[in-house]
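**Q** Below are the structure tokens for one structure; questions will follow.
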Amino acid sequence: MAELATIARPYAEALYQVAKKHDVKAWGQALDALSLVAQDADLRQFADNPKVTSEQVYAVITAAAKQDLAPELQNFLRAVIENSRLAALPAVVGQFHVLANAADGVADAQIFSAYPIEAAQLSDVVVTLEKRFGRKLEAHVSLEPSLIGGIRVVVGDEVLDTSVKARLERMKVALTA
């Protein structure tokens, strides 16, 4: 996985430098669509076929993404395809968002919850988490029923686990020690 991150970093930095001259948010949305398409295993198998041209792969990706791409993004996508870096595209997009968020003073917060969180509850949780982590957060919620209750929050390399599952694990360790 570190290899993909190493490959993705220069692409993401170059993309971000160009996106700063335009609309970073719109570029992020277009890149998200491209990343979603690039994650498809059938598409990557198609792209790896030696009988398929780069232009054919480009046409399939742009049609599937259903996005109007800026000329710079078109050039970027062509470069990724021609250099056989399609597998790294999701990592590039992830690093692009990290750069964009860092410039805005925002960090991504992945919130795992056993149950769906309503919008009002989520905003209260985000306010509390922003105080806890000391920065503005952009929350992404994922359901994880195995937590039983509570939430687990991942912000960068920091983890805050208030789930019932984690509490039970701590109790188990304390009782067996």
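**Q** Conditions first: (1) open to solvent by less than 90 Å² (accessible area, probe 1.4 Å); (2) of a type outside the set (Gly, Ala, Ser); (3) at pLDDT 95 or above. Phe133 passes all but one, so which condition is the exception?
**A** (3)
**Q** I'm checking my understanding of the structure. Among residues of region 102-129 that are out of contact with any helix residue (DSSP H, G or I) (no Cβ under 8 Å at 6 or more places or on another chain) and open to solvent by less than 50 Å² (accessible area, probe 1.4 Å), which one is modelled with the lowest pLDDT?
**A** Checking each candidate, the answer is Gly105.
**Q** Still on this structure: For region 74-88, give me each residue that is surrounded by 19 or more Cβ atoms within 10 Å (Cβ to Cβ) and either among the aromatic types (Phe, Trp, Tyr) or over 15 Å from Glu13 (Cβ atoms) (or both). Explain how you work it out, then say what you get.
**A** Quick first cut of region 74-88, residues surrounded by 19 or more Cβ atoms within 10 Å (Cβ to Cβ) only: 76-77, 80-81, 86, 88.
Result: Phe76, Leu77, Ile81, Leu86.
**Q** Which condition does Arg78 not pass, out of (1) in contact (Cβ under 8 Å) with a residue 40 or more places away in the chain; (2) in contact with a Phe, Trp or Tyr (Cβ under 7 Å, 6 or more places away or on another chain), if it passes all the others?
**A** (1)
**Q** For the structure I just gave you, tell me whether Ala14 is within 14 Å of Leu89 (Cβ to Cβ) and either among the aliphatic types (A, V, I, L, M) or touching a residue at least 12 places away in the same chain (Cβ under 8 Å) (or both).
**A** Numbers: within 14 Å of Leu89 (Cβ to Cβ): yes; either among the aliphatic types (A, V, I, L, M) or touching a residue at least 12 places away in the same chain (Cβ under 8 Å) (or both): yes.
In short, yes.
**Q** Report yes if some residue within region 152-159 is at pLDDT 95 or above, of a type outside the set (Gly, Ala, Ser) and open to solvent by less than 40 Å² (accessible area, probe 1.4 Å); otherwise report no.
**A** So far as region 152-159 goes, yes, one or more of its residues are at pLDDT 95 or above, of a type outside the set (Gly, Ala, Ser) and open to solvent by less than 40 Å² (accessible area, probe 1.4 Å).
**Q** Considering only residues of region 44-58 that are part of a helix (DSSP H, G or I) and among the hydrophobic types (A, V, I, L, M, F, W, C), which is most open to solvent (accessible area, probe 1.4 Å)? Break it down into steps so the answer makes sense when it comes.
**A** At the first step, the residues of region 44-58 found to be part of a helix (DSSP H, G or I) are 44-48, 54-58.
Next cut, among the hydrophobic types (A, V, I, L, M, F, W, C) only: 46-47, 57.
Working: Phe46: 73, Ala47: 30, Val57: 4 Å².
Ranking the candidates gives Phe46 first.
**Q** Still on this model: Does any residue in region 59-73 that is open to solvent by 60 Å² or more (accessible area, probe 1.4 Å) come within less than 9 Å, Cβ to Cβ, of a residue that is of a type outside the set (A, V, I, L, M, F, W, C) six or more places away or on a different chain, and which pairs are these?
**A** Gln67/Gln29; Glu72/Lys21; Glu72/His22
**Q** Which residue out of Leu31, Leu4 is of a type in the set (A, V, I, L, M), under 30 Å from Asp104 (Cα atoms), part of a helix (DSSP H, G or I) and in contact with a Phe, Trp or Tyr (Cβ under 8 Å, 6 or more places away or on another chain)? Talk me through it step by step, then tell me what you get.
**A** Numbers: Leu4 fails: in contact with a Phe, Trp or Tyr (Cβ under 8 Å, 6 or more places away or on another chain).
The match here is Leu31.
**Q** Same structure, new question: Tell me which strands (runs of 3 or more DSSP E) are completely within region 75-171 and hold 3 or more residues being polar (S, T, N, Q), or say none if there are none.
**A** Working: elements: 106-113, 136-143, 151-155, 158-161.
Answer list for region 75-171: none.
**Q** While we're on this one: Please work out which one of (1) within 30 Å of Ala47 (Cα to Cα); (2) in contact with a strand residue (DSSP E or B) (Cβ under 9 Å, 6 or more places away or on another chain); (3) open to solvent by 40 Å² or more (accessible area, probe 1.4 Å) is the condition Leu99 fails and give its number.
**A** Looking at each condition in turn, Leu99 falls short on (2).
**Q** Give all pairs with beta carbons closer than 9 Å in which a residue from region 107-122 that is more than 10 Å from Ile151 (Cβ to Cβ) and in contact (Cβ under 8 Å) with a residue 24 or more places away in the chain meets a residue that is open to solvent by 50 Å² or more (accessible area, probe 1.4 Å) and among the aliphatic types (A, V, I, L, M); count only pairs at least 6 apart in sequence or on separate chains.
**A** Here the result reads Ala107/Val98; Asp108/Val98; Gln110/Val141; Pro116/Val141; Pro116/Leu143, each pair linking region 107-122 to a residue that is open to solvent by 50 Å² or more (accessible area, probe 1.4 Å) and among the aliphatic types (A, V, I, L, M).
**Q** Quick one: what pairs do we get from region 29-47, first residue under 19 Å from Leu73 (Cα atoms), second acidic (Asp, Glu) and open to solvent by 70 Å² or more (accessible area, probe 1.4 Å), C-beta under 9 Å, 6+ apart or different chains?
**A** Ala30/Asp68
The values are calculated or read from the model by the stated rules, or taken from the named source; none is laboratory data. From a predicted model like this one, the values you see are computed outputs, not experimental measurements. No Cβ is skipped: glycine too gets one built from the backbone with ideal geometry, and neighbour counts run over all protein chains shown. These area figures cover heavy atoms from the full protein model, side chains too; ligands, DNA and RNA do not enter into them. Shrake-Rupley method; radii C 1.70, N 1.55, O 1.52, S 1.80 Å.
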